[in-house]
Amino acid sequence: MNDTFMYLIFLWTLIFIGLLAIGGFFMFRKFLKRMPKEDGRSELDWQDYYIRQALPLWQEDSRALLNELVSPVPELFRDVAKERIAGRISKIALDEKAEKIELDHMMRGYIIATPKRDHGFMKKKLKELNIDYSPYMKYFEYADDEKKKFSIFDHSELAQKK
């Protein structure tokens, strides 16, 4: 009995340390995104800025589409993904001085802001919604990549409609 109890305490200690490490990893990533860059603003500051500036451009149909596009994301992370994608879409629309956010802006922003590891889920969702993403294939190379560590607000000139 005593050995079993000690074994359970040891097992619980390992699980607890593992969970703390995982939580700490994600908190540290969020902390890094809040760190100011050379311009004095962080990645999340820029994201919030673009969303606030483009708020009048968002129509009810574009908001509904954004909600539908992020629906495959687990609910725990959905708000973060939605803000990230909305920030990129907003930047594209503002750079082009658009009067409202259209499907073209949404597709480019959605592709660039979605991590490369999630492109399979993204393409599946777009097929499910009967949205043809073939005209936007070139934007997949500018998509968020954890390995390259660039800002999703980089590549603005490349994401502009030619």
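For the range 20-38, what are the residues that are touching a helix residue (DSSP H, G or I) at 6+ places or on another chain (Cβ under 9 Å) and surrounded by 10 or more Cβ atoms within 10 Å (Cβ to Cβ)?
Lys30, Leu32, Lys33, Arg34, Pro36, Lys37
May I ask you to say which residue of Ala81, Ala113 is modelled with pLDDT under 90, touching a Ser or Thr at 6+ places or on another chain (Cβ under 9 Å) and open to solvent by less than 40 Å² (accessible area, probe 1.4 Å)?
One residue alone meets the criteria, Ala81.
Counting only residues that are surrounded by fewer than 21 Cβ atoms within 10 Å (Cβ to Cβ) and among the aliphatic types (A, V, I, L, M), which one in the range 84-98 is nearest to Asp132 (Cα to Cα)?
Ala98
Run Arg41 past the list (1) open to solvent by 60 Å² or more (accessible area, probe 1.4 Å); (2) part of a helix (DSSP H, G or I) and report the number of the one that doesn't hold.
Arg41 satisfies every listed condition except (2).
Considering (1) open to solvent by 70 Å² or more (accessible area, probe 1.4 Å); (2) within 16 Å of Ile112 (Cβ to Cβ); (3) assigned to a loop (DSSP other than H, G, I, E, B), say which one Ile101 fails and leave the rest.
In the conditions (1) open to solvent by 70 Å² or more (accessible area, probe 1.4 Å); (2) within 16 Å of Ile112 (Cβ to Cβ); (3) assigned to a loop (DSSP other than H, G, I, E, B), Ile101 misses (1) alone.
If a residue has to be basic (Lys, Arg) and surrounded by 12 or more Cβ atoms within 10 Å (Cβ to Cβ) to count, how many in the range 44-71 make the cut?
Here the count works out to 1.
Is there any pair with a first residue in the range 78-107 that is under 16 Å from Pro56 (Cβ atoms) and touching a residue at least 60 places away in the same chain (Cβ under 8 Å) and a second that is open to solvent by less than 50 Å² (accessible area, probe 1.4 Å) and among the charged types (D, E, K, R) whose Cβ atoms are under 7 Å apart and which are 6 or more apart or on different chains, and what are they?
Ile92/Arg108
The values are calculated or read from the model by the stated rules, or taken from the named source; none is laboratory data. Quick caveat: nothing in here was measured; it's all calculated off a predicted structure. Cβ sites come from the backbone with ideal geometry, for glycine too, and all protein chains shown count toward neighbours. Quick note on the areas: whole protein, heavy atoms, side chains included, nothing else; ligands and nucleic acids left out. Shrake-Rupley method; radii C 1.70, N 1.55, O 1.52, S 1.80 Å.
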